[in-house]
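K.L.:
Input: one structure, supplied below.
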Amino acid sequence: MTNLDLFAEPAPADGAGHARMLALHGLLHQYAHQYYVLDAPSVPDAEYDRLFQELQALEAAHPEWVTADSPTQRIGGKPLEQFAAVHHAEPMLSIRTETDTEASGAQAFDARVRKELGLTEADPPVEYVAEPKFDGLAMNLRYEQGVLVQAATRGDGETGEDVTQNIRTIGQVPLRITGQIPSVLEVRGEVYMRRDDFEALNEKQREKGEKTFVNPRNAAAGAVRQLDSGIAAQRPLSFFAYGVGEVTSAEQGGPAFSTHFGLLQTLKSWGFPVAEQVTTAHGAPELIAYHQRIGASRDQLPYDIDGVVYKVNSLVLQQQLGFVTREPRWAVAHKYPAQEQVTRVLGIDVQVGRTGKLTPVARLDPVFVGGTTVSNATLHNLFELRRKGVRVGDMAIVRRAGDVIPEVVGVVNSGPRASYVQNFRMPRTCPVCGSAVVREKAEVNHRCTGGLFCSAQRKQAILHFAQRRAVEVEGLGDKLVDQLVDGGVVNTLPDLYRLGLSALAALDRMADKSAQNLLQALEQSKQTTLPRFLFGLGIRHVGEATAKALARHFGSLDAIMDATAEQLLEVADIGPIVAESIRTFFDQPHNREVVEQLRACGVTWAEGEPAAQTPKPLAGKTFVITGTLPTLGRDAAKDLLEAAGAKVAGSVSKKTDYVLAGTEAGSKLAKALELGVAVIDEAAMLALLQESN
Ligand code: JCF
């Protein structure tokens, strides 16, 4: 059974066609209400899209069946009763979706545009603007005399909801704009939540034992619809502009735009965030290249996108192309593989993490999600598992976005349950080492009490220490760690550095060459930095940022190990829980022993003076790194700059002091040149560090 069989009923031939159409009305209305109004979708987006397209196809074959209340004839859900209704001065359009995620999706669009414009093969390629398609919710921002007077959701495209109070809480939305601006300006764009903000929000909800949000878009929609703007303000939202609604005409003194790209540049100059990936593209081949390029970087973007948008650049041509019902002929959304899919839960396993936390993990009928095949997805903890009502045998919605671990976001309860459905129970003893499992009061997590007696915890501790962002032992992955720990060759971190060629070569499937490579990688990892080493120790609550702050403040490991809780609290961003955790860690004799043995094995780093005395020559300077540097990795360059007090940001703005550019630097370099920001190469950066020392 494929994951869609639950819903799929093949479109019947003509007689049954009408009945099927009515059934689709019912389903789509129900799903749209759950999605837009209740913020509680019961099926993945891809399934909704599929049914929607089935209905569109039926209606195309039988135009006489189309009724005004068909889900295809309106765009969103009804506005909520509690918010004032806003009639849009210009209807808010939806955009046609090209679900064909292959190159042919772009070719089909280009071919339609050329045909409508009456172009022949002899004519030059059409110029388009290509932009990422944000997975958020559409918003209309109305400015009068430069002041934000109203923010409204799309609603059904004609009438939306007045959510001005909530939108005002978004830092990226200008409350007032100045310069050569039209007296009436409506800016359209997408309100969304960044992935890291979403993860942090859900983590907080999880710790409080409260309901988590299904995905960033739902979290954003929930925040926008908060009647209490105080709560909305605590939900971190972001905004990107992609178009305009009503704008004072040129005759009345408004701007005279001729291209969509020019319009976006103008919005940017007025202070609206516009995606840095926005670019012009000529003809289908460049659209395809864009779709592939953005698709390849999709996991690295800080926000979810579900596709890219192509628009005809010339506004005159846009007008010429016009609309079909509510969809412009001059624009299309070209999708990527869905980030949510439905599949069956085959079992629920329990994994033991580095800190002993027991995580229920769903074993799945493998399914293609967000560009890869997923066969396991986290259920986080027992309470979330119960809240979501996941049982073995259920059909579950699985989500994978970015490099975040795939998770089960809920179950589909419309289908029949398998006969072998069973409830999940948290084991009372650790499935790996047999130690007792406990759950502290007011804690949502169950933990194995085995500590480093538990091989699962030892394995995770080793993997944590060896990861790229810690001391980085290249090639030491989970398979190898399993072998080393299960074989009793490595029990503690220092054991890693006592490995010899013969012990390694004795391992299953370990060729001489691989053994040598591992030894070399271990040798290389000995030369590290204090923040990496500290982070690698795996002290609870000490992430990379905290490790950096500690290293900067105290300068040496001994100073940190001997610091009192009070002294630790003096470090910016370290609170009582983190201070206590660090103190407890170094109070354990065996932890100190591990540190001493690692040092004895030759693990070293340069130690500095405490922060107060080290000069911070680049303090207050902001850098952006782009492209491939000739010798330094980007992480290494970032470390060097931060050590000198500089801030390293992700995107170029007027506040950027330097852009450090390597080869194949793309839009960030272009942006720097456009804004007149200084561009330097690696050698110039190293010189800058020397000079200012
Ligand atoms: O990013 C988006 N979700 C997005 C939606 C971008 C666009 O340029 C759009 C859109 C919806 C309608 N343009 C239109 C006309």
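Each reported figure results from applying straightforward, stated rules to the coordinates on display, with no laboratory input. Since the model is a prediction, treat every value here as computed from it, not as a measurement. Cβ placement follows ideal geometry from the backbone for every residue including glycine, while neighbour counts extend to all protein chains displayed.
K.L.:
Once Rh for region 353-512 is found with the Kirkwood sum over Cα pairs, what is the Stokes-Einstein diffusion coefficient at 10 °C and 1.306 mPa s, in µm²/s? Write out the running numbers ahead of the final one.
P.N.:
Numbers: Rh = 18.1 Å.
Approximately 88 µm²/s, per Stokes-Einstein.
K.L.:
Give me the number: length gained by fully extending GLN53 to ARG540, i.e. 0.36 nm times residue separation minus the C-alpha to C-alpha distance, one decimal in nm. Walk me through the intermediate numbers first.
P.N.:
Numbers: separation 487, 0.36 × 487 = 175.32 nm, distance 4.91 nm.
Computed gain between GLN53 and ARG540 is 170.4 nm.
K.L.:
Loop only by DSSP, 13 or fewer other Cβ within 10 Å of the Cβ. Give me the chymotrypsin sites (Phe, Trp or Tyr not before Pro) in region 336-427 that pass, ordered by residue number. Spell out each step's value before the answer.
P.N.:
Values: sites: PHE368, PHE383, TYR420, PHE424; in loops: TYR420, PHE424.
Those that pass, being in a loop and sparsely packed, are TYR420.
K.L.:
Given 10 Å bins starting at zero, what is the percent of C-alpha pairs of region 114-272 in each, up to the one with the largest pair distance?
P.N.:
Pair shares across the bins are 10, 34, 29, 17, 8, 2, 0.
K.L.:
For the chain, give me every cysteine whose Cβ has no other Cys Cβ within less than 4.7 Å, ordered by residue number.
P.N.:
CYS601
K.L.:
Related question: Which values of log₁₀ I(q)/I(0), to two decimal places, follow from the Debye formula for region 202-280 at q = 0.18, 0.19, 0.24, 0.26 Å⁻¹ with a uniform point scatterer at every Cα?
P.N.:
Debye intensities relative to I(0), on a log10 scale: -0.86, -0.90, -1.11, -1.21.
K.L.:
Something else about it: Measure off 7 Å from each Cα along the Cα-to-Cβ vector at ASP349 and ALA619, then give the distance between these two points in nanometres to one decimal.
P.N.:
5.0 nm
K.L.:
Here is a further query. Quick check on the chain: helices-only [θ] at 222 nm, where DSSP H runs of length 4 and up contribute -39,500 (n - 2.57) each and the sum goes over total residues. Nearest 500, please.
P.N.:
Numbers: 25 runs with 244 residues, N = 693.
Result for the chain: -10000 deg cm²/dmol, rounded to the nearest 500.
K.L.:
Provide the descending list of Cα extents for region 530-613 along its principal axes, expressed in whole angstroms.
P.N.:
Principal-axis extents of region 530-613 (Cα, largest first): 32, 28, 20 Å.
K.L.:
Would you mind classifying region 593-650 by shape? Square roots of the alpha carbon gyration tensor eigenvalues, ordered a ≥ b ≥ c; an a/c under 1.5 is rounded, otherwise it is prolate if a/b is larger than b/c and oblate if not.
P.N.:
On the way: a/c = 3.32, a/b = 1.52, b/c = 2.19.
Cα axes put region 593-650 in the oblate bin.
K.L.:
Largest first, please: the extent of the C-alpha atoms of region 531-675 along each principal axis, to the nearest Å.
P.N.:
Reported extents, whole Å, longest axis first: 56, 32, 26.
K.L.:
Give the separation of the Cα centroids, region 629-683 to region 575-604, in Å.
P.N.:
35 Å
K.L.:
Moving on. Go from 0 up to the bin containing the longest alpha carbon distance in the chain, width 20 Å each, and give me the % of pairs per bin.
P.N.:
15, 44, 34, 8, 0
K.L.:
Just need log10 I(q)/I(0) for region 467-525 at q = 0.20 Å⁻¹, Debye formula, equal scatterers on the alpha-carbon atoms, no solvent, rounded to two decimals.
P.N.:
Treating every Cα as an identical point scatterer, log10 I(q)/I(0) equals -0.70.
K.L.:
Can you tell me the Rg and Dmax of region 622-692, counting just the alpha carbons, in angstroms?
P.N.:
11.0, 29
K.L.:
Taking a ≥ b ≥ c as the square roots of the eigenvalues of the Cα gyration tensor of region 364-406, is the shape rounded (a/c under 1.5), prolate (a/b larger than b/c) or oblate?
P.N.:
Values: a/c = 2.68, a/b = 1.51, b/c = 1.78.
Since a/c reaches 1.5 but b/c is at least a/b, the shape of region 364-406 is classed as oblate.
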